[in-house]
Amino acid sequence: MEAILVDTDPGSVADWLARLPYAQPKLAAKLLAETVHALNRAEAKPALRQKLMRLYAEAADKLMHAAENALALEELTLSQDAQIIASRTQRALAEVHRGTLLCLSEQLQKKGWFERDQPKVELVVQALASARAWLGWVHQSYLPLPRGFWHEVHALYRLADERGWLREARDALPQAITLYRELLLLGLTDSRRLTQEQIRWLRAALPELAATARVLPLTGPLDGGRGAYLVDTAADAQPCYMLIAPRDPAHSWLWLDLSNTLAALALREDKLKHALAQGPDGAAEAEFELIQLLSHAWQQPQRRRHSRDAASGELNVVSQLAAIWRHLNDGAAAQPQAHADAPPCPLSVVNQSPIGLMLRGVPQGHSLRAGDVLFAEDHGVPAGLFFIRWVTLVQDRPLVECGIERIATEARAAEAMPSITRADDHFLPALIVPGNPRFGVSERLLMPGRVFGRLREFRLRDGGVERLIRVTRIVSQSPYYQLMEFRASEDF
């Protein structure tokens, strides 16, 4: 410890935290992170440090909500201010977590006949709560986790288990077990592939889902494998999907059983399916798709289907369907727009696979939201139409990395609207992907939203010619778009 001048009076600290400029989360996060970092380096009595860390944890929670509100007004992949807010908030949450671990370490070093376990149990719960807040923020802001995070989380659970606290009737312990389950479920979920709306729904539903999960000692090979994961509490890793017992029995392995969680998801999925059969509902449709995604991911994680090969070069990209439509249509707008589109943005190619690419760069004027659509060109030559499947921010640098999946090698601008319309309906920008009759591949139509209905009829304007078409099946989709095969209405 260093002799650093910090405020250790709880009343004074509480007053200072009350005056923290939460309305300016970029500044508030910087001040909070620096102050907690200074406390973590200073000497203080364990009981006093614990009291101060409770105050800072409450302030960090308030900061997180303020930062979340600020980021809701910004596109995270476009705004450097938003990226700074996200990064600084993560640093503040990390410092609070490290400070809580320091408190626990100091309490564990205290020996004596009259030393009670209750403060240590409370600190375990507090440390798991700070880890939960940190991981939740990392997921929400597409930031990477530092090394050692999972090792610390597992060590907290292992400590409580080895000390016998999990078997004792203590008020705080059910909360500790629930927090650990929530952390494990978050570790299983690849938030890079989720939209902000999906992440918010998952966060709200997480306590209920975690209550249905079970964490059990591993006594032998896993039965079956559906929803069964192993947790190596001695490793710096999230739960791993395995069908057999681990090879190294020296490690402390746990079994994460999600069978009840998957059953709860299936029940909710059936209710939503019944509700959607009564009529369209955008919120219910989004929740239904997320539940399907989680059910699939938690039963058996997605495996990498193709090898990644190193690649280099640069592509100019345009994101979002409306901007791509105008780019392909020589800048003409289907509807009046307030601002001109940004020119195509150069991004570097990092690696490639048979189905897509990984890109890195500063997306100037073109957002890289997970689930959005991207059109790429190589020196003016079309390189393909892609869905953005995942997004990651590079820590402390204004760079974005994204994985994109090719859905077509070329596309052309068109306009479409349902043939059965309401008074306020109008033609919407759409993209046509040419078919290949030789191989029995029909033309495909990319439209925003959830417009698909089997054999639903649309009016399609393509190259100055209007025709009637019917969509036959969904080829691919993202949270924002659907790519559908179609044929001329006269064929039916």
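Worth a mention:
- Taken as Cα centroids, the range 29-50 and the range 121-139 sit 17 Å apart, rounded to the nearest whole angstrom.
- Net charge over other residues, Cβ less than 14 angstrom from the Cβ of Lys51 (K, R count +1; D, E count -1): -2
- Centre separation in Å (Cα based) which lies between the range 140-166 and the range 427-492: 49
- Of Trp165, Met64, Val373, farthest towards positive along the dipole that unit charges on Lys, Arg, Asp, Glu beta carbons give the chain: Trp165
- Bins of 5 Å from zero: percent of alpha-carbon pairs in the range 332-441: 2, 9, 16, 20, 18, 14, 10, 6, 3, 1, 0
- Packing-based exposure ordering (other Cβ within 10 Å, fewest first) of Arg192, Arg397: Arg397, Arg192
- Residues of type aspartates and glutamates that Lys30 reaches as a straight line, Cα spacing below 19 Å, ignoring anything fewer than 8 places off in the same chain: Asp7, Asp15, Glu58, Asp61, Glu68, Asp81, Glu95, Asp396
- Residues Thr421, Thr261, Thr392 arranged by fewest to most Cβ contacts within 10 Å: Thr421, Thr392, Thr261
- When the Cα positions of Thr178, Ala383, Ala342 are compared along the charge dipole of the chain, Thr178 comes out farthest toward the positive end, with charges on each C-beta of Lys, Arg, Asp and Glu.
- Extreme residue, positive dipole direction of the range 25-121, given options Leu48, His37, Leu78 (C-beta unit charges): Leu48
- R0 of 60 Å, Cβ-Cβ distance Asp491-Ile84: FRET efficiency to nearest 0.05: 0.65
- The charge dipole of the chain, taken about the Cα centre with unit charges on the Cβ atoms of Lys, Arg (+1) and Asp, Glu (-1), comes to about 720 debye, rounded to the nearest 20.
- Spin-label pair Lys273/Gln364, simplified geometry with 7 Å Cα→Cβ offset, distance in nm: 4.9
- Rg/Rg_ref, the range 10-188, where Rg_ref = 2.2 N^0.38 Å and atoms are Cα: 1.06
- In a fully extended conformation the segment linking Asp15 and Leu216 would gain 68.0 nm over its present Cα-Cα distance, using 0.36 nm per residue.
- Cα radius of gyration and Dmax for the range 412-491 (Å): 11.9, 40
- Remark: relative contact order (the chain) = 10 percent; criterion is Cα-Cα distance under 8 angstrom and separation of 6 or more residues.
- Order of Tyr142, Tyr22 - criterion: other Cβ atoms within 10 Å of each residue's Cβ, fewest first: Tyr22, Tyr142
Every number in this text was worked out from the coordinates using simple rules, so none of it is lab data. Computed from a predicted model, the values in this text were never measured in an experiment. Because the Cβ atoms are built from the backbone with ideal geometry, glycine has one as well, and the counts that use them run over all protein chains shown.
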